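J.: Provided herewith is a single structure, encoded as structure tokens, for subsequent inquiry.
No value in this document is a laboratory result; all are computed from the given coordinates. Treat the numbers as computed from the prediction; the structure is a model and nothing was measured. Reconstructed Cβ throughout: ideal geometry from the backbone, glycine too, with neighbour counts over all protein chains shown.
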Amino acid sequence: MRNLEKNMFTKEALALAWQYFLPPYTFQIRVGALYLLYGLYNTQLCQPKQKIRVALKDWDEVLKFQQDLINAQHFDAAYIFRKLRLDKAFHFTAMPKLLSYRMKKKIQRAEVTEEFKDPNDRVMKLITSDVLEEMLNVHDHYQNMKHIISGDKSNPDKALSLIKDDFFDNIKNIVLEHQQWHKDRKNPSLKSKVKDGEEKREGNSQESERCERAESLARIKSKAFSVVVQASKSRRHRQVKLDSSDSDSASGQGQIKATRKKRNKETLKSAGRKMSSKNRDNMQNVHKEDKSLRLSMPVITEEEEDNESFSETEFTAPKRKRKSRTKNLV
Amino acid sequence: MAEGTRIGPTCHGMGSRQDPVSSSGSCNFPEYELPELNTRAFYVGAFGELWRGRLRGEGDLSLKEPQASALPGSQGVAEWGQEDAAVARDLGCSLEAAAELRAVCGLDKLKCLEAGEDPEVIPEDTDLVTLGVRKRLLEQREETITIDRVCRQETFAYEMHKEHKPYQTMLVLGSQKLTELRDSICCVSDLQIGGEFSNTPDQAPEHISKDLYKSAFFYFEGTFYNDKRYPECRDLSRTIIEWSESHDRGYGKFQTAKMEDFTFNDLYIKLGFPYLYCHQGDCEHVVVITDIRLVHRDDCLDRTLYPLLIKKHWLWTRKCFVCKMYTARWVTNNDSFAPEDPCFFCDVCFRMLHYDSEGNKLGEFLAYPYVDPGTFN
């Protein structure tokens, strides 16, 4: 009897903790779940130990999470995950739960604690850095083609003028505005976290680990707010090399001028639901950047002045800040 | 929300399969068809390959026992150094960090039960609410039938019309043939002995039903897998197929195959979906595959023991009417000595009541050998 109880309890406990280890929970919650799994698994009384079930569809997420941990230098969390895997604590299964077509049994819907979840930023999920990059490439390619097939090589034919030329810039700026809005919303808490980290610098190794963790967490959060952090990947069929500052989350919206465009308004309507009305007014003054100088392609003339120097500084500064933080970690 | 490329891997390793990859574009990523109830159909073998492709060979899949040095508390300093180096390499940190991690995150840091403490004994001074509840519940014993996983695959066979509890839970290896599972399913109808033996109670019946009626089939995803190992085996599924084809009943085209030609890896099945096992002509069992997973070091590693019975529903056995002690082995009808019809007797009481000391039949009755469903307990 005791054995049965032990087994059932451990199975349930592990399954419950496992739920919190997967998205859509926040990073912090997921790390907490990992610790919980580690503790439950190693302190269980069952012999042989009950395993942690991983379904095939979730494994990629798990690996991604592990990589995030390593990249963010959360060595303790990465260590315990590595230990679990080394100890063969996992069962690699088809589905998370056992299925037995129990129609009569009431299906208990797991209540997901809302505050543990990452806010569902659908705008950012739709317009990711990949999407933006792809859009830019297609856009430029398209413009190029227009030039090539036009009679006058420097200006595409009027008949080919079927899109708004600054479409890409508008989208990009809208997205950047949105990010900034998010960031501003979260800013008060972010600032206090960083302060806490810095105050606790003295103390034993565990404390420093904690504050480093807080710092890393703050770093990760700020990372999460940027569209593109890494340099762009290269595409085989296109020669365009994007400079990373182009699509980065430069936060210089305050100084960006804008021209009112029809398309602007339309995109605003769909993407602007989350924004406050104040932002919406700002959005209408979106300005597009001139990327042409960075590209290795022939110049495509554009109408507005460029803002690129500003955004570049904006980009490098935060990057530098991040680098200095990294050095303080173990 | 833009979904990323979730369904990456294609279905490899299907060359040896007899059936082509289903036209429903089945990806072998098991996923729910009816949430919480069953998955879509997928190929078992391909699913296994998908997992293996994602894991690090020996590190994750080895079935070997852990080496002694992996046990906590038994390591020397030199081994620690080695382990730290491995940690540093895997995590991309320094050696000092690895050593620190070992100290800080080690298992001894998890506050476990002290030696001599019994987890059943709840200390008096606890203020944990859950411990208080546990104390009250310690007397209640609720037994629910749990469905365990079987190595590589889990199947359980049960009678649906009974109280929805699984009768048997088996572990089956993916490489095993369907016939091996068939042979391991214990059903009481297999043991039935036909015939009336009131005049010849001592004649041990030579054949049980299992030997007489050897046909059986499994039904999975539109295909009837008939047992054709013996010449006496008949295609029980033909009746069903003919019935389904006689009119447009809305069922797809059924197929037949030989049970002995297929392993579980070859199957195209849904998890959690009820399928059928039929034998003895009309004895039907619902078969549900509840789980599939990769084999693990802690599983039973003796291949000859598979299919392995994990859980069995315990049935009340019918006891002899006279002594109330032994399991009934005979059942009588129209029995002038019996107070009820039918009436069950154990062997000893049956003979004492119905036959004299020379073995002559007394009175009028019909007697049949009885095999109790709880025989397998």
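J.: Can you work out ³J(HN,Hα) from phi for every residue in the range B:28-39, in order, using Karplus 6.51 cos²θ - 1.76 cosθ + 1.60 and θ = phi - 60°, giving whole Hz and x for Gly and Pro?
T.: 8, 7, x, 8, 5, 9, 10, x, 6, 10, 8, 9
J.: Convex hull volume of the Cα atoms in the range B:260-318, per residue, in Å³? Provide the component values of the computation, followed by the final result.
T.: Values: hull volume 10.2 nm³, N = 59.
It is 172 Å³ per residue.
J.: Something else now. Quick one: if you stick a label point 7 Å off each Cα along the C-beta vector at A:Asn144 and A:Ala15, how many nm between them?
T.: 5.5 nm
J.: Could you tell me the calculated FRET efficiency between A:Gln28 and A:Asp184, based on Cβ-Cβ distance and R0 = 22 angstrom, to the nearest 0.05?
T.: For R0 = 22 Å, the calculated efficiency reads 0.55.
J.: Also, quick follow-up: Under the 0.36 nm per residue contour assumption, what length would be gained going from the current alpha-carbon distance of B:Met352 and B:Gln82 to full extension?
T.: 89.5 nm is the gain from fully extending B:Met352 to B:Gln82.
J.: Roughly how crowded by other chains is peptide A:172-182, in terms of the mean Cβ count from those chains within 10 Å of each of its Cβ atoms?
T.: Numbers: counts 0, 0, 0, 0, 0, 0, 0, 0, 0, 0, 0.
For this peptide, the per-residue mean of nearby foreign Cβ atoms is 0.
J.: If you don't mind, another one. At a Förster distance of 30 Å, what's the computed FRET efficiency of B:Tyr230 paired with A:Arg2, Cβ-Cβ distance as r, to 0.05?
T.: 0.05
J.: In terms of modelled amide H atoms, which long-range or inter-chain residues lie less than 5 Å from the amide H of B:Thr256?
T.: For B:Thr256, the qualifying residues are B:Phe224.
J.: Limiting things to C-alpha atoms, what are the Rg and the maximum Cα-Cα separation (Dmax) for the range A:1-99, in angstroms?
T.: Considering the range A:1-99 through its Cα atoms, Rg and Dmax are 13.3, 46 Å.
J.: State, in angstrom, two size descriptors of the range A:123-186 derived from its alpha carbons: Rg to one decimal place and Dmax to the nearest whole number.
T.: Cα-based Rg and Dmax for the range A:123-186 come out at 15.4, 52 Å.
J.: Report the Rg/Rh value for the range B:218-377, based on alpha-carbon coordinates and the Kirkwood definition of Rh.
T.: Ratio of gyration radius to Kirkwood radius: 1.12.
J.: Also, I was wondering about something else. Give me the distance in nm between label points sitting 7 Å out from Cα along the Cα-to-Cβ direction at B:Gln255 and B:Lys111, one decimal.
T.: 6.0 nm
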